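Notes follow the structure.
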Ligand SMILES: [Zn+2]
């Protein structure tokens with residue numbers, strides 16, 4: 001999979017740009033296949049545990065992906081990714097003393113899944129609270145399990161579809177060059193995308209309503 | 001059309017024959033009229049009977065006469081259809097509505113065409129019989145015809161020999177691992193894993209490859225009871241395409257006298273799929289066409305092509 005951000009087209013709203021993209025997919029011959037949702041909540045280590053060990057507060061991200069409805073992903077920035085079942089959310093409530101949810105940190109992307117040959121394309125609207133902040137584009141090529149093997153092929157597909165907004169190779173692709181790609185690698189990409197969009201929040205982007 | 005006329009239809013005799021038929025019909029109906037009217041009023045019963053019988057006899061005579069005449073004429077008319085290559089259908093040429101329905105000329109065309117087809121098929125079958133392309137060795141040559149039920153020798157190779165050939169091929173290609181099993185008696189089944197790209201189930205009959213199914217590296221190749229699943233196809237279009245091509249390759253690599261060479265050639269060809277997602281098409285230079293990577297590998301050069309880009 002490759003997850004990337006599609007900038008909002010000039011003079012258009014997020015919604016209009018999403019429509020533009022999905023229409024392009026349908027013209028390619030892609031077929032609608034339901035919807036998807038990826039969400040992410042930020043936690044930081046509680047102040048009480050910080051002082052005693054004298055270490056900097058680490059952020060932890062707890063994510064869900066409708067593609068893996070029975071799983072819950074817990075990620076640290078540049079750190080390990082834990083894949084647990086959905087009971088993990090209950091556990092996080094119990095761990096309130098150690099990890100506290102950052103206020104209004106919830107960010108998610110929702111949209112439509114499209115199937116084109118063996119490609120799965122998910123175009124989503126990224127929202128924080130109630131406002132649309134940007135557009136996410138995920139392209140998955142199911143037959144290939146080694147990400148770096150099919151990057152050229154993915155790139156060609158992305159170029160056909162995103163034109164000049166084609167992203168560079170995701171960093172997870174280069175990390176372990178013949179490792180089998182897994183759902184955690186997709187989560188890391190979404191986490192990075194969400195963090196990027198959070199930072200853009202301060203600078204209003206032209207065209208976003 | 002010329003040869004239809006040259007058969008010599010005697011049109012005059014034809015016309016006479018038709019009037020002879022008319023005469024015969026009327027004489028026959030006169031016989032029945034006479035029978036229907038019965039005996040006419042005459043003075044005596046004897047007179048009545050005599051007159052009736054005489055009248056009846058006259059009528060029968062004339063039927064006989066007309067019938068003889070018709071037989072004579074029918075010999076003169078001849079049998080035009082007998083010598084024609086299309087037999088009775090040749091008479092279609094006599095149809096006056098020919099201009100509207102060109103049935104006869106179409107018939108001639110079809111006849112010529114099927115003649116040619118038969119001729120060429122004969123040539124082709126002769127040529128093919130000279131090549132030993134057949135999958136079973138028992139169909140080769142004339143001598144085999146005398147003992148059609150003889151078992152081809154390559155089908156009764158000892159399992160140990162098959163194991164040796166397979167393990168030698170396994171050692172030849174480091175990126176390819178071959179796992180041999182015999183779940184159904186003597187016939188071997190192979191599970192070939194090519195890098196982290198694909199898996200191939202190969203069903204063998206002795207050293208002949210009977211069937212192959214190509215699936216993704218992350219796809220399940222076993223049934224619920226833990227046996228190799230030789231029937232279900234891949235969920236991905238790209239591997240379904242490769243399965244089709246592998247089946248074509250099985251028909252291409254044939255050498256009944258040296259089945260081990262065939263298996264080795266097939267595996268060498270299969271190994272070229274290690275770059276299935278990394279090799280652009282050698283003709284159009286692209287990776288994707290209709291959403292698929294180049295799924296075809298040339299049998300000789302092993303170069304990658306899209307299905308529609310191959311020569
Ligand atoms: Zn091509």
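The values are calculated or read from the model by the stated rules, or taken from the named source; none is laboratory data. Here the structure is a predicted model, which means the values were calculated and not measured. Cβ sites come from the backbone with ideal geometry, for glycine too, and all protein chains shown count toward neighbours.
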Of the conditions (1) modelled with pLDDT of 80 or more; (2) surrounded by fewer than 17 Cβ atoms within 10 Å (Cβ to Cβ); (3) closer than 18 Å to residue A:172 by Cβ, residue A:66 clears all except one; give me its number. (3)
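Matching residues to (1) in the same structural domain as residue B:244 (by the TED database); (2) touching a helix residue (DSSP H, G or I) at 6+ places or on another chain (Cβ under 6 Å); (3) within 15 Å of the ligand (Cβ to nearest atom):
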| position | (1), (2), (3) |
| --- | --- |
| B:264 | yes, yes, no |
| B:280 | no, no, yes |
| B:285 | no, no, yes |
| B:288 | no, yes, yes |
| B:294 | no, no, yes |
| B:297 | no, yes, yes |
| B:303 | no, no, yes |
| B:308 | no, no, yes |
| B:311 | no, no, yes |
Residue hits (segment B:222-265; within 14 Å of another protein chain (Cβ to nearest Cβ) and assigned to a helix (DSSP H, G or I)) are B:237, B:238, B:239, B:240, B:241, B:242, B:243
Please tell me if residue B:275 is surrounded by 15 or more Cβ atoms within 10 Å (Cβ to Cβ), within 16 Å of the ligand (Cβ to nearest atom) and under 35 Å from the mean Cα position of the chain (by Cα). no
Could you say which residue among B:268, B:212, B:301 is away from chain A (no Cβ under 14 Å) and either more than 19 Å from residue B:192 (Cβ to Cβ) or part of a loop (DSSP other than H, G, I, E, B) (or both)? B:301
Residue check for residue B:260: surrounded by fewer than 19 Cβ atoms within 10 Å (Cβ to Cβ) and within 16 Å of the ligand (Cβ to nearest atom): no
One residue is enough: does segment B:245-253 have a residue meeting the conditions more than 22 Å from residue B:167 (Cβ to Cβ) and within 16 Å of the ligand (Cβ to nearest atom)? yes
List the residue pairs whose Cβ atoms are under 7 Å apart, where the first residue sits in segment B:296-311 and is under 23 Å from residue B:262 (Cβ atoms), the second is near the ligand (Cβ under 9 Å from one of its atoms) and at pLDDT below 90, and the two are 6 or more positions apart or on different chains. B:296/B:310
Just to be sure I understand the filter: pairs with C-beta atoms under 9 Å, separated by 6 or more residues or on different chains, first member in segment B:276-295 and touching a residue at least 60 places away in the same chain (Cβ under 8 Å), second member near the ligand (Cβ under 7 Å from one of its atoms). Which pairs pass? B:276/B:294
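Among the listed residues B:159, B:152, identify the single one that is at pLDDT 65 or above and more than 26 Å from the chain's Cα centre (by Cα).
Exactly one of B:159, B:152 is at pLDDT 65 or above and more than 26 Å from the chain's Cα centre (by Cα), namely B:159.
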For segment B:271-287, which residues satisfy the criterion of being closer than 13 Å to residue B:305 by Cβ and at the interface with another protein chain (Cβ under 7 Å from one of its Cβ atoms)? B:286, B:287
